[in-house]
Structure formats: C-alpha cells, structure tokens
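S.K.: Submitted below is the structure of interest, expressed as structure tokens.
Values quoted throughout were computed directly from the atomic coordinates according to the rules given, and no laboratory measurement underlies them. In this text the structure is predicted, and so the values were computed from the model without any measurement. Here the Cβ positions follow ideal geometry from the backbone for every residue, glycine too, while neighbour counts run over all protein chains shown.
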Amino acid sequence: MPEPVILVTGANGQLGAAIRSLLSLYQQFQFVFLTKEDLPIHRFDLVQQYFEKTSPAFCINCAAYTAVDKAETERDLAMQINAEAVGILAGVCKAFNTKLIHISTDYVFDGTATIPYREDSITHPVNYYGATKLKGESLCVEHNNESIIIRTSWVYAEYGNNFVKTMIRLMKERNSLNVVNDQLGSPTYAVDLAKLLLDIIAGSKSGKTTWTPGIYHYSNEGIISWYDFAMAIKELTQSNCIVHPVPTALYPTPAKRPAWSVMDKEKIKSVYHIVIPAWKQSLAVCISHLQHT
C-alpha cells in the first residue's frame, strides 16, 4: 500500500520549513509541499483539481497572510488568504475525506484578559489581521466541522523572518535597542509546533490517539514580554548590545497589538497527551542551530 499523503500548504513559511526539517522522523508518510504559486488555495477550481489528482489523506494549512501592519491597508488580500481560501480548502478537504489541520493565532483575542485565554474565551480582534484569522476559523468549521484548528503565538524558527533572527541581526549592528515590555505572551518554536502537528496525524493513523476535531491552543510554556524575549536572546548569543525596556505607547504601529496574548493549553495537553517544552529551552535549541549553520 502506498504511504498516506500529507499535503502542506504555505510551504515557504516558517512552519512549512519546520515540518520539512522533521521528514526523516515520519517516513510512514509521503509529503507534498505546496507554495502559493504551486496551488493558490483561494481558487476553488484549482484546489478541487489538485485533490482529484492526489487525494491527500491529511492537509496542514500553513498558508497565511501574516504582515500584521500591512493587513490594515491590504484588507482584501488579507481576507482572501486568511479567510476565503480557508473556507475553500476546508470544503474541498471534506469532499475528499481529507483530514485538515488549520493554523490560527492568538490575535483573535483583544488582549484585555488577566488569565490565560481558553479555546472558548470570547474572541474580539483588535486589528484587521486578527479579524481575518477569526473569519478563517469560522469558515473552516462551517465548511468542515471535522477540522482541527490550532491557535499559536509569537512563532519563530531558524527559517524565514521572525523576532529572534531580527534581534540577533540588530544586536550585531547596534550598541543599544529598545524593546516593548508591556505586551505579554508565550513564544512558539515552529519546530515544536511542527512536531505536534505530525504527532497528531501519526497518532490518529496508528490508532494511538483519536482525531478529535475542534480548536486548540499551543505555544511553548512560560509567560514573558518581548523585552524578556530579547534579553534571553542577548544572553544566549552573548551579545554586548544594551536592551532598554519601553512601553508600547512609544512605538505606535498601524495595527494595534494585544497586551496579553497568553493562552491556556490544558485542552491540547489532555486530549493529545503531550508535554510542551519551556520557551527558553526551545529558544536555546533554535539559537544553537542558527550558530552552527
């Protein structure tokens, strides 16, 4: 029997690259990685044709419009990729009996809470990017209620553009940096998230765990500010750059950011029996890889 196919959209992003880095651990599957050029998922006709040819057993949708500030002006494009395309992909997955995992964000919340957000907490995005991702969640469920949706936050990796790589570069270029200290959340190492996704698929295929549709929260363990994150990067890279904590008010951006992005992860831990690494442990792994490549 041929290996089941896992289709990964958004193959050029951080998470797509992180999944690719783990392929040797999941040789019981055949992987197909697609960029937006390979398969524009907002085109129903092309998605349907592709599924007719390949009939994937699983689909991980990593495709997303993630430019949070630009989304305030590029509204149609952000809505097309983060919402309309998700509805199309979810519907086609249902028609072909393909199990779908869709990636969402902590930005569906407004950041005014003082305790970690649960999956059933009230959503209320404060920027357009968050609004498009929330719409994507609802279209995903509407068109395919067997989907798994995973909200994550502050994603970084050795791949692509992210806070960790930006800080490492700036700390080499400058003597001092200002980093906001009044936005709190939890970083997510994309490789940890990728492993979780593949373990959910592998477990459901082997019968070790059950495919349990619904919304889940996932990030690394721990609550920090962006300033704390930058200080840990400084320490792990042994940089001499001085990092100053500053309030968000000093750094106005086109899109508002939630001040509190902490998510409760008890649901995913109990359903899928996982232990989530601490944020600093995973950051050290990532930085070690960056230093040795």
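S.K.: Please enumerate, by chain and number, the lysines with C-alpha under 26 Å from the C-alpha of Lys99, excluding those fewer than 8 residues away in the same chain.
M.R.: Counting by Cα, and skipping residues close in sequence, Lys99 has these lysines nearby: Lys36, Lys53, Lys133, Lys135, Lys195, Lys205, Lys208, Lys265, Lys267, Lys269.
S.K.: Return the label of the correct value of semi-axes √(5λ) of the Cα gyration tensor in Å, as calculated from the structure shown, out of (1) 31, 21, 18; (2) 27, 23, 18; (3) 56, 16, 15.
M.R.: Answer by label: (1).
S.K.: Cα axis of helix 226-237 to longest principal axis of the chain: angle in degrees, 0 to 90, nearest 10?
M.R.: 80
S.K.: Quick one: which residues, 5 or more positions from Val155 or on another chain, have an amide H under 5 Å from its amide H? H modelled 1.01 Å from N in the peptide plane, none for Pro or chain starts.
M.R.: Thr188
S.K.: Moving to a separate point now. With θ set to phi - 60°, apply the Karplus curve 6.51 cos²θ - 1.76 cosθ + 1.60 along the stretch 84-92 and write out the HN-Hα couplings as whole Hz, x wherever there is a Gly or Pro.
M.R.: Values per residue, Gly and Pro as x: 4, 5, 5, x, 5, 4, 4, x, 5 Hz.
S.K.: Mind checking which of Leu177, Leu198, Leu25 has the largest fluctuation in a GNM of the chain, springs on alpha carbons under 10 Å?
M.R.: Its mean-square fluctuation being the largest, the pick is Leu25.
S.K.: Out of all Cα-Cα pairs in the stretch 218-273, roughly what percent, to the nearest whole number, are more than 19 Å apart? Walk me through the intermediate numbers first.
M.R.: Details: 775 of 1540 pairs.
For the stretch 218-273, the share of Cα pairs beyond 19 Å comes to 50 percent.
S.K.: Which value, in debye to the nearest 20, describes the size of the charge dipole of the stretch 1-108 about its Cα centre when Lys and Arg Cβ atoms bear +1, Asp and Glu Cβ atoms bear -1, and nothing else is charged? Present the calculation step by step, with values, prior to reporting the outcome.
M.R.: Numbers: 8 positive and 11 negative charges, 61 e Å.
Dipole about the Cα centre, nearest 20: 300 debye.
S.K.: What trypsin sites (Lys or Arg not before Pro) does the stretch 12-44 have in DSSP loop regions with at most 13 other beta carbons within 10 Å?
M.R.: Values: sites: Arg20, Lys36, Arg43; in loops: Lys36, Arg43.
Here the trypsin sites (Lys or Arg not before Pro) that fit, given the DSSP loop and packing criteria, are Arg43.
S.K.: Which residue fluctuates most in the GNM of the chain (Cα springs below 10 Å): Glu52, Glu137, Glu84?
M.R.: Answer for the Gaussian network model of the chain: Glu52.
S.K.: Counting other C-beta atoms within 10 Å, which of Trp260, Trp211 has the fewest, and how do the rest follow? Please report the intermediate quantities before stating the final value.
M.R.: On the way: Trp260 20, Trp211 14.
Result, fewest neighbours first: Trp211, Trp260.
S.K.: Name the most mobile residue of Pro245, Pro254, Pro56, meaning the one with the largest mean-square fluctuation, in a Gaussian network model of the chain with Cα contacts below 10 Å.
M.R.: Pro254
S.K.: Starting from the Cα of Thr248, step 7 Å along the direction of its Cβ; do the same at Ala95; then give the gap between the two resulting points in nm.
M.R.: 4.1
S.K.: How much mean residue ellipticity at 222 nm does the chain get from its helices, if each DSSP H run of length 4 or more adds -39500 (n - 2.57) and you divide by all residues, to the nearest 500 deg cm²/dmol? Write down the numbers at each step before the final one.
M.R.: On the way: 10 runs with 110 residues, N = 293.
Theoretical 222 nm ellipticity from helices: -11500 deg cm²/dmol.
S.K.: Rounded to the nearest Å, what's the spacing between the alpha carbon centres of the stretch 236-293 and the stretch 11-44? Just the number, please.
M.R.: 24
S.K.: Can you give the translational diffusion coefficient of the stretch 1-149 in µm²/s, computed by Stokes-Einstein from the Kirkwood radius over Cα pairs at 4 °C and 1.567 mPa s?
M.R.: The estimated diffusion coefficient comes to 81 µm²/s.
S.K.: Helix 44-54: angle to the longest alpha-carbon principal axis of the chain, degrees 0 to 90, nearest 10?
M.R.: That works out to roughly 70 degrees.
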